Amino acid sequence: MIEAKGLGVVFPNGTEALRDINVTIDDGEFVAVIGLSGAGKSTFLRTLNGLVRPTSGTVRVGGVEVNRLSGRSLAQFRRTVGFIFQQFNLVTRLTALDNVLHGRLGYLPTWRGILGLYSERDYELAAGYLDEVGLAGKEHVRVDNLSGGQQQRVAIARAMAQQPQLVLADEPMASLDPRLSDVILGLLKNYNEAHGVTVLVNIHVLELARRYARRVLAFNQGRLVFDGPTETLTDDLAAQIYAGSLEAL
Ligand SMILES: Nc1ncnc2c1ncn2[C@@H]1O[C@H](COP(=O)(O)OP(=O)(O)OP(=O)(O)O)[C@@H](O)[C@H]1O
């Protein structure tokens, strides 16, 4: 379960990116996070895996108070959260399989990780996840020889290889041809349903959020202004979200 209470983030330059966010998300949910550029969507996701530290309030994920972690305990916690970036964040001179294996690093003693000494099981898992994202046969292709859509699928397989409790995807289709949005969101949705892992996706395009998510969180200027089942997000409410005319929850 994810639980944010009175969560606020003010960056050192004074920008208030999140203000008094209160939200609970149950295990296994698939949630779309929407809002205009700059609304606070990325910052919200980043507080959930400890990439951004709250300046007020608390965030709990799976019973762990993320804002209290640091050093080794933060690294251990991050192993349990897959993060999918707009720009893929792969090591492009390595193969698809090697990149997915990186998802297993948190399970290896540090010295084995440094030497890249993965177990047979790690190789099997990594190949299995590449298959799950439709990239069987591409294991030994260098990532820089793959298309953008294929690279994002490698990044999804890497997140799966972490066997996470939670997957956060920050506009994973933003750098891709719009036609690929359905492929990427379809993979995340299938993964959520097949493995029961909670998935939160920042989605710029409202229509896609409506099509894939059961629940929508909407941010405006750092405030949570809508939280509800997708079917309750009417066109009128959506217009108010984007116009900034809804009150904070
Ligand atoms: N490291 C930072 N330092 C200062 N301000 C930041 C930082 N990161 C984000 N911001 C600011 O915080 C606010 C929220 O940004 P955030 O990236 O969370 O929005 P977003 O809804 O994800 O937007 P986008 O869709 O453009 O990614 C914006 O005003 C942004 O400029």
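Read the figures in this text as sums done on the coordinates, not as results from a lab. Keep in mind that what you see is a predicted model, and the values were worked out from it rather than measured. We place every Cβ from the backbone using ideal geometry, glycine too, and count neighbours over all the protein chains shown.
I'd like the distance between the alpha-carbon centres of segment 184-201 and segment 29-82, rounded to an integer number of Å.
18 Å
What angle, in degrees between 0 and 90 and rounded to the nearest 10, separates the Cα long axis of helix 148-161 from the longest principal axis of the Cα atoms of the chain?
On a 0 to 90 degree scale, this one is about 80.
Please name whichever of Ala32, Thr110, Leu168 sits farthest to the positive end of the charge dipole of the chain, dipole taken about the Cα centre and charges placed at Cβ: Lys and Arg +1, Asp and Glu -1.
The Cα lying farthest towards the positive end belongs to Thr110.
Want the number for Ser245 to Thr110: 0.36 nm per residue separation, take away the alpha-carbon distance, what's left?
Gain in length upon complete extension: 43.5 nm.
Considering the zone a paramagnetic label at His195 would reach in this model (a point 7 Å from Cα along the Cα-to-Cβ line), which residues of segment 144-161 have amide N under 12 Å from it?
Under cut-off, by backbone N: 155-161.
About the Cα centre of segment 93-161, how large is the charge dipole given +1 on each Lys and Arg Cβ and -1 on each Asp and Glu Cβ? Please answer in debye to the nearest 20. Mind showing how you got there, number by number?
On the way: 8 positive and 8 negative charges, 42 e Å.
Dipole about the Cα centre, nearest 20: 200 debye.
Against the longest alpha carbon principal axis of the chain, how many degrees, from 0 to 90 and to the nearest 10, is the axis of helix 181-195 turned?
So the helix axis and the longest Cα principal axis differ by about 80 degrees.
Which value, in Å³ per residue, describes the convex hull spanned by the Cα atoms of segment 164-249?
Spelled out: Cα convex hull of segment 164-249, divided by residues, is 109 Å³.
How tilted is helix 120-132 with respect to the longest principal axis of the chain? Cα atoms for both, answer in degrees (0 to 90, nearest 10).
Roughly 50 degrees, rounded to the nearest 10.
For the chain, give the share of DSSP beta bridges that are antiparallel, in percent and rounded to the nearest 5; count only bridges with both residues there.
Rounded to the nearest five, the antiparallel share is 55 percent.
Translational diffusion coefficient, Stokes-Einstein: compute it for the chain using the Kirkwood radius over C-alpha pairs as Rh, at 4 °C and 1.567 mPa s, and state it as an integer in µm² s⁻¹. Please report the intermediate quantities before stating the final value.
Details: Rh = 18.6 Å.
Diffusion coefficient, whole number: 70 µm²/s.
Please list the non-local residues whose amide H lies under 5 Å from the amide H of Ala174, H modeled 1.01 Å from N, same-chain partners needing a gap of 5 or more.
For Ala174, no residues qualify.
Normalising by the residue count of the chain, find the relative contact order in percent from Cα pairs under 8 Å and 6+ residues apart.
Reported as a whole number, the value is 27 percent.
Ranked highest first by average number of other Cβ atoms within 10 Å, how do 169-181, 225-237 line up? Provide the component values of the computation, followed by the final result.
Working: 169-181: 18.0, 225-237: 13.6.
Highest mean packing first, the order is 169-181, 225-237.
Looking only at Val143, Val167, Val64, which one moves most when the chain is put into a Gaussian network model with springs between Cα atoms under 10 Å?
Top of the fluctuation ranking is Val64.
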